[in-house]
Amino acid sequence: MNILQVILSALCSIVALFIITKILGDKQISQMSMFDYIIGISIGSIAAEMATDLEDPEHSLTAMVVFGLVSFVVSIITNKSIKLRKILTGRSLIIMDKGVIYRENLRKARIDLSDFLTLSRIAGYFNLSQIQTAIFEHNGNISFLPVSTERPLTPADMNIC
């Protein structure tokens, strides 16, 4: 009987986790803020607890719902408030602009120069003189704007409108 209860609790946990995830929306790991990541880990941990807590699985289910609701409310608030969005999801940092590397922003982003150079090469920039601006995004990616001579030709460059 105990094994059957674990199986039923695990199935309920999976269903609850699936429903909460669908409500919160589909995000890839690279699109998640640190807050989303923490909430996701917490909900997953609670779901595992729910699957094995044979005495009071409804307590774990309640906790999962609370975590899901908090995450949902925070996502609504961060969509409406720029100040809270900066606090909860972070903000972009200019790592390099016009040949100047901002070491203080590298430190804030918690990446060192060799990591920055590696990410530059991965993006196809083997020479820093090819980069006009590099921005560390709040999701952990770096966006590179090449210098004008390295950008693809556009109709506007040829005065064709």
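Let's see how each residue does on (1) outside any loop (DSSP other than H, G, I, E, B); (2) open to solvent by less than 90 Å² (accessible area, probe 1.4 Å):
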{"site": "Lys86", "(1), (2)": "yes, no"}
{"site": "Ile95", "(1), (2)": "yes, yes"}
{"site": "Lys108", "(1), (2)": "yes, no"}
{"site": "Ser129", "(1), (2)": "yes, yes"}
{"site": "Ile135", "(1), (2)": "yes, yes"}
{"site": "Phe144", "(1), (2)": "yes, yes"}
{"site": "Thr149", "(1), (2)": "yes, no"}
{"site": "Pro152", "(1), (2)": "no, no"}
Open item on the list: Out of everything in the stretch 110-127 that is under 22 Å from the mean Cα position of the chain (by Cα) and in a loop (DSSP other than H, G, I, E, B), what residue ends up being nearest to Ser143 (Cα to Cα)?
Closed with: Ala123
Open item on the list: Among the listed residues Glu104, Glu55, identify the single one that is among the acidic types (Asp, Glu), more than 18 Å from Phe18 (Cα to Cα) and in a loop (DSSP other than H, G, I, E, B).
Closed with: Glu55
- [ ] Scan the stretch 48-80 residue by residue and report those that are surrounded by 12 or more Cβ atoms within 10 Å (Cβ to Cβ), within 18 Å of the chain's Cα centre (by Cα) and not aliphatic (A, V, I, L, M).
- [x] Phe67, Gly68, Ser71, Phe72, Ser75, Thr78
Task: Residue list for the stretch 119-161, restricted to those being small (Gly, Ala, Ser) and either modelled with pLDDT of 95 or more or closer than 18 Å to Ile101 by Cβ (or both) - done: Ser120, Ala123, Ser129, Ala134, Ser143
- [ ] Give me the pairs, please: first residue somewhere in the stretch 54-76 and within 20 Å of Met34 (Cβ to Cβ), second residue anywhere and in a helix (DSSP H, G or I) and open to solvent by 70 Å² or more (accessible area, probe 1.4 Å), beta-carbon distance under 8 Å, and either six or more positions apart or on two chains.
- [x] Gly68/Ile23; Phe72/Ile23
Task: Selection within the stretch 114-143 - closer than 23 Å to Met34 by Cα, in contact with a Leu (Cβ under 9 Å, 6 or more places away or on another chain) and hydrophobic (A, V, I, L, M, F, W, C) - done: Phe116, Ala134, Ile135, Phe136, Ile142
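The values are calculated or read from the model by the stated rules, or taken from the named source; none is laboratory data. Predicted model, so just to flag it, every value in this text is computed and none were measured. Every residue, glycine among them, receives a Cβ derived from its backbone with ideal geometry; neighbour counts consider all protein chains shown. The accessibility values were calculated without ligands, DNA or RNA, using every heavy atom of the protein model including side chains. Shrake-Rupley method; radii C 1.70, N 1.55, O 1.52, S 1.80 Å.
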